[in-house]
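Presented below is the structure to which this report refers.
The values are calculated or read from the model by the stated rules, or taken from the named source; none is laboratory data. Here the structure is a predicted model, which is why all the values come from computation and not from measurement. Note that each Cβ is placed from the backbone with ideal geometry, even for glycine, and that neighbours are counted across all protein chains shown. All accessible areas refer to the heavy atoms of the entire protein, side chains included, with ligands and DNA or RNA removed. Shrake-Rupley method; radii C 1.70, N 1.55, O 1.52, S 1.80 Å.
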Amino acid sequence: MYSKELTKGTLQPIILKLLNDSEKMYGYEITQTVKELTKGKIDISEGALYPILHKLEAEGVLETEKVYFGKRIRKYYRVTGSGKETVQKVTHELNDFIETLSIIFNNKEIAK
């Protein structure tokens, strides 16, 4: 598992990418999907996840839908129409950052 310090700046892009690629997801589903896709190397805690989700919702990037399961309520998150632009921007920025890191750590030249 990667350290919290290493993954901290990538959590928001990861969450946005997952939500953009699916119709909607609830919090626990997001954490489990990340854990499954990364074979346990990235573990998003609830303490890290929900502040990001609430911030993105407040910014209008995400919207929520409450679904009742008996006496329980499950809150689903989805990317808004305007939020899709944010997802593209964040995805591009992260991919560029990864490419830049590869220059430093793999001695590769910048692609032009």
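Compute the orientation-averaged projected area for region 1-101 from the convex hull of its Cα atoms and round it to one decimal in nm².
Working: hull surface 27.7 nm².
Mean orientational projected area (region 1-101, Cα hull): 6.9 nm².
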(request) Could you please put Leu6, Leu16, Leu101 in sequence from largest to smallest accessible area, using a 1.4 Å probe? (result) Leu6, Leu101, Leu16
(request) Can you send over the solvent-accessible area of Tyr28, 1.4 Å probe, protein chains only, in Å² to the nearest 10? (result) 130 Å²
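Could you give the dipole magnitude of the chain about its Cα centre, charging the beta-carbon of Lys and Arg +1 and that of Asp and Glu -1, in debye to the nearest 20?
Numbers: 18 positive and 16 negative charges, 80 e Å.
It works out to roughly 380 debye.
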(message) If the elastic network links every pair of Cα atoms under 10 Å, which of Thr38, Thr64, Thr80 fluctuates the most in the Gaussian network model of the chain?
(response) Thr38
(message) What is the percent carbon and sulfur in the accessible area of the chain, measuring with a 1.4 Å probe over the protein chains and ignoring ligands?
(response) 54 percent
(request) For the chain, report the accessible area per residue in Å² (1.4 Å probe, heavy atoms, rounded to an integer). (result) 71 Å²
(message) Just to be sure I understand: with springs between alpha-carbon atoms less than 10 Å apart, which residue in Leu56, Leu11, Leu37 has the highest mean-square fluctuation in the Gaussian network model of the chain?
(response) Leu37
(message) Using helices alone, I'd like the mean residue ellipticity at 222 nm for the chain: each DSSP H run of four-plus residues gives -39500 (n - 2.57), total over residue count, nearest 500.
(response) -17500 deg cm²/dmol
